[in-house]
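Engineer: Mind looking over this structure? Questions follow.
Every number in this text was worked out from the coordinates using simple rules, so none of it is lab data. Values in this document were obtained by computation on a predicted structure and should not be read as measured data. Here the Cβ positions follow ideal geometry from the backbone for every residue, glycine too, while neighbour counts run over all protein chains shown.
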Amino acid sequence: MKSLSILITTVTFYLISSMYSYAQQTTDQIKDQQFTEAKETIIQDEREALKVEVEEINNRLQNGSISKTEADTLKNKAAEKHAKNIENRLIILKNTLELADRNGDQEKESKTGIYVGWDEDANDFVIKTSVKRKKEKKEVYDFRTKTGVYLTWGLLDLVDDDNSYGNTDVSVGRSTSFEVGISQTTRVFKKSNFLRIKYGLGFEWNKLTPRDNTYLVDNNGINTMEQFPSELRKSEVRFTNIVIPVYFELGPSKKIESQNYIRFSTQKQFKIGFGGYGGLNIETMQKLKYREDGRKVKQKIKRDYNTTDFVYGVGAYVGYGSFSLFAKYELSPLFENQPIDKNLLSLGFRLDFD
C-alpha cells in the first residue's frame, strides 16, 4: 500500500503541474470557484479510478497470476492512461469554457444552437443543444398504401361443364395450388379503411395428379389422359405462372390514434375480398416415376402440352385477421384448342402478412 500511495501522489503531482497552464488560461473566463471545483472533480475521479486499477493489479500479483515485473508494467500503463485522461478532460473543460464565453451561458430553446452551462447536480460543465421549435402540424394520416407478403395454398381440380369439383380425372387430394408474392394494400378513402384495393405480383405453381395410373399425352394437339404401360409411382403435371392479382377488400378496421398520426389495423378483424388476376404461363412440366426392367426411372418432360399462355381468372376470400378461406376459378381454359374447355378450380386458405 505504501508503493500505491507514492504512485498516486506522484501521478497527481505530475498531472496538476502539467495542466497548470490550461487552468491559467481559463481562470479569467469563469468564476474561480466554479473552475476550481470542476478541476478538482476531474482529478479526483481519475485518482479514484487509478486506485481501483492498482488494487486489482496487486490482487493478481498476490494470487500469482502475474509476476512482479508484469504488475509494475500494468501499473505504469494505468498511471499513464489516467494522466492522459485528466489532460484530455481539462482540454475539453478549457474549450468548453471558451465556447461559453463566446456564446453566453443561457439556454434559448426558441433558437437553434449549442449552449454551455454549469450543472449543479453533476458539479461539472455541460454542453446542451437547442433546436428551434416548429409550429405543431395538423394531424397526419399514415400512408394510404402499405406493403406486405401473401401466400395461398389450396386443393386443385380441373373441371368442365360435365365434371364438377371432385368428380374428374384428377385426384383432388393430391393436386394442389400454391402461390406466394408481394402485395400492396391501398385504402380507397382518405379517412376510412373500410374499402381497400389489394394488388401485387406473385408466382403460382399448379400441380395436377391424374387418377388411375394415367398420364398426360399430346396427340397431335389434342390432350388426353391415357393409361401408362407400367405401374406409375408418381404422375403429375406442373404449371408455373407469374400473376398480378387485384382484389377489392371490405371489412372493419381498428383505428389507432396518436398525437400526430392515425393508423388503421385489420388484425383481429373480419374481411371479405373479391376480384381477379391475370398473368403468364412460364413453364409446363410433367413428372413421371416408374420401374422399368427392375430399375427406378424418373422423367421430367418439359413440353408445351398446348397450355394457354395468358391466364386469367376470378377469386374471392373471407377471413379474420391474417387468415382467410379462398376460392379461385381460372376463366381461361388450361389447354388451348381442345374439344372441351377445362378450367382450374382451387379451394384453400390464404395468409396475409401486412
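Engineer: Just the Cα atoms of the stretch 140-353, one point each, no solvent: what log10 I(q)/I(0) does Debye give at q = 0.18 Å⁻¹?
Structural biologist: Listed by q, the Debye log ratios stand at -1.21.
Engineer: Pop the C-beta distance of residue 36 and residue 56 into the FRET formula with R0 = 25 Å and round what comes out to the nearest 0.05.
Structural biologist: Efficiency computed from Cβ-Cβ geometry: 0.20.
Engineer: Hey, for a label at residue 213 modelled as a point 7 Å past Cα toward Cβ, could you say which residues of the stretch 260-297 have their backbone N under 20 Å away?
Structural biologist: Inside the label zone: 287-297.
Engineer: What number comes out for the charge environment of residue 163, summing +1 per Lys or Arg and -1 per Asp or Glu over other residues with Cβ under 11 Å away?
Structural biologist: -4
Engineer: What is the list of residues in the stretch 180-209 whose amide nitrogen lies under 14 Å from a point 7 angstrom out from the Cα of residue 254, following Cα to Cβ?
Structural biologist: Backbone N within reach: none found.
Engineer: State, to one decimal in nm, how far the label point of residue 240 lies from the label point of residue 144, with both points 7 Å from Cα in the Cβ direction.
Structural biologist: Rounded to a tenth, the inter-label distance reads 3.8 nm.
Engineer: Now, a different point. Give the residue list of chymotrypsin sites (Phe, Trp or Tyr not before Pro) in the stretch 167-213 that are DSSP loop and have at most 16 other beta-carbon atoms within 10 angstrom.
Structural biologist: 189, 194
Engineer: Can you tell me how the stretch 204-297 classifies by the Cα gyration tensor, rounded, prolate or oblate, using a/c under 1.5 as the rounded cut?
Structural biologist: prolate
Engineer: Now for a different question. Efficiency by 1/(1 + (r/R0)^6): what FRET value for residue 297 and residue 162, r their Cβ-Cβ distance, R0 = 25 Å, to the nearest 0.05?
Structural biologist: Efficiency, rounded to the nearest 0.05: 0.15.
Engineer: Here is a further query. For the pair residue 68 and residue 263, what calculated FRET efficiency results from E = 1/(1 + (r/R0)^6), where r is the Cβ-Cβ distance and R0 = 56 Å, to the nearest 0.05?
Structural biologist: E(calc), rounded to 0.05, equals 0.25.
Engineer: Same structure again: Evaluate the charge dipole of the stretch 140-353 about its Cα centre and quote only its size in Debye, nearest 20, assuming +1 on the Cβ of each Lys and Arg and -1 on the Cβ of each Asp and Glu.
Structural biologist: Roughly 1380 debye for the stretch 140-353.
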